[in-house]
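Colleague: I'd like to ask you about the structure that follows.
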Amino acid sequence: MRIYTRGGDKGKTGIHGGTRVDKDDIRIEANGCLDELNSVIGVVRAFLPQEHEWQKTFFYIQKELMVIMSHVATPSEIRDKNPNSLDENMVVFCEKEIDMLTERIGDSNDFILPGGNLVSSHLHLARTVARRSERRLWTLNRTDEVPEIILRFVNRLSDLFFAMARFEMYQSGDAEEVWKDFLYKKRKK
């Protein structure tokens, strides 16, 4: 089987169920963002040693993103025929990871400038790609319902990557660069 099919040379691509849509269709755009996110996670994994505690976390996330992409590629009226099952615990998984990291480093009262070391900066990149993916999924949701678990998971992923980026800086002993304080948090005191 060849990698190229020539089927997309005229600006159309196939989705689950056999329908062909424009390559810039919102369903394809949303999946493209998720694919990009998965690739950025792969880059982060490449920077980490194989035995790093986050390898399993990232592997799980990458596998779930592949399942999610299969559901996004499937119109809602035939989604029940998709053989890939969404993990109903994926949002809780992210929340537990976020809570564990935050417990170790504390909350931030500052706007953090993205950057730091290679792992931290790529986690910030993953965070922003997750946010774009979430926006595209909500756009798709206006025309064809996206399962709520997917929307919640992608939202939580961006929070997880932020917490991981901060934790990476904490672990390395490097200071985060701060833009400025959250002024609204100070008013509450």
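Colleague: So which residues in the range 127-147 are among the hydroxyl-bearing types (Ser, Thr, Tyr), closer than 27 Å to Val43 by Cβ and touching a residue at least 60 places away in the same chain (Cβ under 8 Å)?
Modeller: Residues satisfying the conditions are Ser133, Thr139.
Colleague: Which residues, taken from the range 102-140, are assigned to a loop (DSSP other than H, G, I, E, B), farther than 21 Å from Gln55 by Cβ and in contact with a helix residue (DSSP H, G or I) (Cβ under 7 Å, 6 or more places away or on another chain)?
Modeller: Residues satisfying the conditions are Ser108, Asn109, Pro114, Gly115.
Colleague: State whether the residues of the range 112-130 include one that is modelled with pLDDT of 95 or more and charged (D, E, K, R).
Modeller: The answer is yes, given that some residue of the range 112-130 is modelled with pLDDT of 95 or more and charged (D, E, K, R).
Colleague: Report yes if Glu36 is exposed (fewer than 14 other Cβ atoms within 10 Å of the Cβ), among the acidic types (Asp, Glu) and touching a residue at least 12 places away in the same chain (Cβ under 8 Å), otherwise no.
Modeller: no
Colleague: Which residue is farthest from the chain's Cα centre (by Cα), if the candidates are limited to the range 11-55 and must be modelled with pLDDT under 75 and farther than 22 Å from Leu65 by Cα?
Modeller: The residue in question is Lys12.
Colleague: Scan the range 81-103 for residues that are of a type in the set (D, E, K, R) and over 20 Å from Ala30 (Cβ atoms) and jot them down.
Modeller: Passing the criteria: Glu88, Glu95, Lys96, Glu97, Asp99, Glu103.
Colleague: Out of Glu103, Glu97, I need the residue that is modelled with pLDDT of 95 or more, farther than 24 Å from Lys23 by Cα and of a type in the set (D, E, K, R). Which one?
Modeller: Going through Glu103, Glu97 in turn, just one is modelled with pLDDT of 95 or more, farther than 24 Å from Lys23 by Cα and of a type in the set (D, E, K, R): Glu97.
Colleague: Oh, and also: Condition (residue is surrounded by 15 or more Cβ atoms within 10 Å (Cβ to Cβ), out of contact with any Pro (no Cβ under 7 Å at 6 or more places or on another chain) and among the hydrophobic types (A, V, I, L, M, F, W, C)) applied to the range 50-59: is it met by at least one residue?
Modeller: Among the residues of the range 50-59, at least one is surrounded by 15 or more Cβ atoms within 10 Å (Cβ to Cβ), out of contact with any Pro (no Cβ under 7 Å at 6 or more places or on another chain) and among the hydrophobic types (A, V, I, L, M, F, W, C), which makes the answer yes.
Colleague: Here's something else I'd like to know. Taking Ile105 as the residue in question, decide whether it is surrounded by 14 or more Cβ atoms within 10 Å (Cβ to Cβ), more than 23 Å from Leu151 (Cβ to Cβ) and either among the hydrophobic types (A, V, I, L, M, F, W, C) or out of contact with any Lys or Arg (no Cβ under 9 Å at 6 or more places or on another chain) (or both).
Modeller: When the stated conditions are applied, Ile105 passes them.
Colleague: Between residues in the range 68-95 that are in contact (Cβ under 8 Å) with a residue 40 or more places away in the chain and residues that are surrounded by 13 or more Cβ atoms within 10 Å (Cβ to Cβ) and among the basic types (Lys, Arg), which pairs lie under 6 Å by C-beta distance while being six or more apart or on different chains?
Modeller: So the pair list comes out as Val91/Arg152; Val91/Arg156; Cys94/Arg156.
The values are calculated or read from the model by the stated rules, or taken from the named source; none is laboratory data. Treat the numbers as computed from the prediction; the structure is a model and nothing was measured. In this analysis, Cβ positions are derived from the backbone assuming ideal geometry, glycine residues included, and neighbour counts consider all displayed protein chains.
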